[in-house]
Structures are given as C-alpha cells and as structure tokens.
Amino acid sequence: MMPKFPSIDDFHEMLNHISDEIPQDFFKDLNGGIILLERPKKHTRTKPGQPLYIMGEYKRDQTGRQITIYYGSFRQVYHGFSEKKLYEKLKDVLLHEFTHHLENMAGERGLEKKDEEQMHRYLKDRK
C-alpha cells in the first residue's frame, strides 16, 4: 500500500524542523523568510508529457530575499514516497535554495549555472 502524502500542516511541520537545523547565519538578509505555498508550480519551459515541477525557488527583488517551497509540486512528484524519503527530498530542496541565497549574497553564480545546465539537458532530451 502506498504511503499517504502528509497534509500541508504536517509538511509545514517538517519544513520547520529542517529550518531549525540550519545555522542562523544562513538566514542573514533573508528578510522574506521561507514561504510554503499549497499550489504546484510547473516550470515555464516544461515539455508536454514530461512536466517539470518547481519544488522551491529563491527570489531576490526590490522587496528583498525569500525562499518559496511548493507543497503541491512535492505532492505531484513524490506522492508515493515514505515520510523519511520525503523529508530528505524537502531538506535537499531547502538546502539547494539556501545555497542560491548564500551564493547571491557572495556575488557567486555556481549553482545558478549548474541549474541552467540541467535545464539545457532537460530541453535537449527528446524522450
């Protein structure tokens, strides 16, 4: 039997637990904090038959810096995962977004370039 996907409240609790494990220095200038949205988000360049969901994103604009996590995307992609595996996926995504934040503050673009390379491979794949 497939595990039941956690409610958004339980998912939020997992996100809070992971956030509590992250050093406070990482939150410097993350004035928008970490936001959890219920809806899924597909990438604007998603291909028919091969949906590409955005799990999380780092945003920097005139209002500041923020990390957004998309509960609905996790539910679409990881619906059969155990709670332990889902926790690890959520942790990976959150740490990925924090890496964007830290690199942005340091004027680096390493992870951004890596993400662009992955997108290029996805778009090139004709499956």
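The values are calculated or read from the model by the stated rules, or taken from the named source; none is laboratory data. Everything numeric in this text was worked out from a predicted model, so none of it was measured. Please note: Cβ atoms are built from the backbone with ideal geometry, for glycine as well, and neighbour counts cover all protein chains shown.
Only one of Leu111, Leu95, Leu102 is at pLDDT 95 or above and touching a helix residue (DSSP H, G or I) at 6+ places or on another chain (Cβ under 6 Å); which?
Going through Leu111, Leu95, Leu102 in turn, the sole match is Leu111.
Within segment 5-27, which residues are part of a loop (DSSP other than H, G, I, E, B) and surrounded by 16 or more Cβ atoms within 10 Å (Cβ to Cβ)?
Phe5, Pro6
Tell me whether segment 44-52 contains one or more residues that are assigned to a strand (DSSP E or B), touching a residue at least 40 places away in the same chain (Cβ under 8 Å) and not small (Gly, Ala, Ser).
Yes, there is a match, as at least one residue in segment 44-52 is assigned to a strand (DSSP E or B), touching a residue at least 40 places away in the same chain (Cβ under 8 Å) and not small (Gly, Ala, Ser).
Tell me which residues, restricted to segment 76-86, are under 21 Å from Lys42 (Cα atoms) and assigned to a helix (DSSP H, G or I).
Gln76, Val77, Leu86
Does Tyr122 meet the test of being modelled with pLDDT under 95, hydroxyl-bearing (Ser, Thr, Tyr) and surrounded by 11 or more Cβ atoms within 10 Å (Cβ to Cβ)?
yes
Look through Leu36, Leu30, Leu94 and report the one residue that is assigned to a helix (DSSP H, G or I), surrounded by 14 or more Cβ atoms within 10 Å (Cβ to Cβ), in contact (Cβ under 8 Å) with a residue 24 or more places away in the chain and hydrophobic (A, V, I, L, M, F, W, C).
Result: Leu94 is the single residue among Leu36, Leu30, Leu94 that is assigned to a helix (DSSP H, G or I), surrounded by 14 or more Cβ atoms within 10 Å (Cβ to Cβ), in contact (Cβ under 8 Å) with a residue 24 or more places away in the chain and hydrophobic (A, V, I, L, M, F, W, C).
Here are some residues: Leu30, Leu90. Which one is touching a Gly at 6+ places or on another chain (Cβ under 9 Å) and more than 28 Å from Lys124 (Cα to Cα)?
After applying the criteria, what remains is Leu30.
From Arg65, Arg109, which residue is surrounded by 11 or more Cβ atoms within 10 Å (Cβ to Cβ), more than 23 Å from Phe5 (Cβ to Cβ), in contact with a His (Cβ under 7 Å, 6 or more places away or on another chain) and basic (Lys, Arg)?
Arg65
With the condition kept exactly as written, say whether any residue in segment 73-84 is polar (S, T, N, Q), closer than 27 Å to Ser7 by Cα and touching a strand residue (DSSP E or B) at 6+ places or on another chain (Cβ under 9 Å).
Among the residues of segment 73-84, at least one is polar (S, T, N, Q), closer than 27 Å to Ser7 by Cα and touching a strand residue (DSSP E or B) at 6+ places or on another chain (Cβ under 9 Å), which makes the answer yes.
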